[in-house]
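Here is the structure we will look at, set down as structure tokens.
The values are calculated or read from the model by the stated rules, or taken from the named source; none is laboratory data. Bear in mind that the values here come from a model prediction, so they are computed numbers and not experimental data. Here the Cβ is made from the backbone with ideal geometry for all residues, glycine too, and neighbour counts use every protein chain on show.
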Amino acid sequence: MSETSTILALEYPDTSQMILEDDEPLDSFINEKQQRLLTAVFYSGAELPIQKPFLAAANVGLFATRAKAGIAPDAFLSLGIHAGDDWWQRKVRSYLFWEFGKPPDIVIEVISPTPGNELGSKLTDYAELRIPYYVVYDPLKKLAENTLQVFQLTGSFYSPKESAIFSELNIGLTLWEGTFEDINATWLRWCYPDGKVIPTGDELAAMKNAELSQKDVELSQKDVEIRETLLLAIKLGLQMKFPAESEALLSEIEGINEVSLLKAIASQITTINSVEDLRGIYNK
């Protein structure tokens, strides 16, 4: 991981003339969704394994110095940083290395139908920025047969990395087949070190609803079991107290679904002296 630098406020370069936003459009709707999936998951409420505070962003310019033009990856993750409180201040509207104290830890490029030198000049540019990990996701295989390529900074250059798990950062990336925002596709997703994807807000809500539904099923099943036990006790009580009318009375009581009412009948049946008193319990 890159060393953190400290710059005093008086030493900040003048950024008033820097082009921090170029207003260039994104490549496509699918790229925009992929970028959002790579960033929004960090703010979904899911349990995160990474160092905090952090910044995950998409299509935001990275600037190492005032003199050199910035470069905007499709997504990046920077750990252990401290951002300013006022995000509308110009100095934090782009990722200025001297403001945040370090380069991002991981940058990601998603290859569109028209590649943009992701394995050429960008490979060199990100290495010059001293970014520890560079990831290229190529779903259409425009650059190579491998849809996912990971590079690790070694010295001044990148070398291929076999795994997309970044152990020192306690996080990873994985290819996931599924539906995101009504589109079923192969998506690049952040994952825990064990490979399990970090859930989105929608997935967290769905899991919570599933848990609640399962609890409802379990409670319903428990009520069924309790009801059957109570009806058996009531049947035995009727046969002892009102043998001649037990079948007719049981037929009436079997239509009762309220467990609390069945409990009342079962608890009182041994002390009731007449059929009228019995019916008085459940015909109120």
Handout entry: Check on L231, modelled with pLDDT under 90 and not assigned by TED's automatic domain parsing to the domain that holds A46
Key = yes
Practice task
State which residue pairs qualify: first residue in contact (Cβ under 8 Å) with a residue 40 or more places away in the chain and over 14 Å from S267 (Cα atoms) and inside the range 230-243, second residue assigned to a helix (DSSP H, G or I) and of a type in the set (V, I, T) in any location, beta carbons under 8 Å apart, and separation of 6 or more residues or different chains.
Solution key: none
Handout entry: Filter result for E177 (within 22 Å of the chain's Cα centre (by Cα), assigned by TED's automatic domain parsing to the domain that holds L96, touching a residue at least 60 places away in the same chain (Cβ under 8 Å) and surrounded by fewer than 13 Cβ atoms within 10 Å (Cβ to Cβ))
Key = no
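For the range 161-182, which positions are of a type outside the set (D, E, K, R) and under 20 Å from S78 (Cβ atoms)?
A164, I165, F166, S167, L169, N170, I171, G172, L173
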Practice task
Have a look at R227, R279 and point out the one that is among the basic types (K, R), surrounded by 17 or more Cβ atoms within 10 Å (Cβ to Cβ) and part of a helix (DSSP H, G or I).
Solution key: R227
Practice task
Among residues belonging to the range 243-258 that are assigned to a helix (DSSP H, G or I) and surrounded by 15 or more Cβ atoms within 10 Å (Cβ to Cβ), point out the one that is nearest to the chain's Cα centre (by Cα).
Solution key: I253
Exercise for the section: Evaluate the range 188-203: report whether one residue or more is within 16 Å of I108 (Cβ to Cβ) and assigned to a helix (DSSP H, G or I). Expected result: no
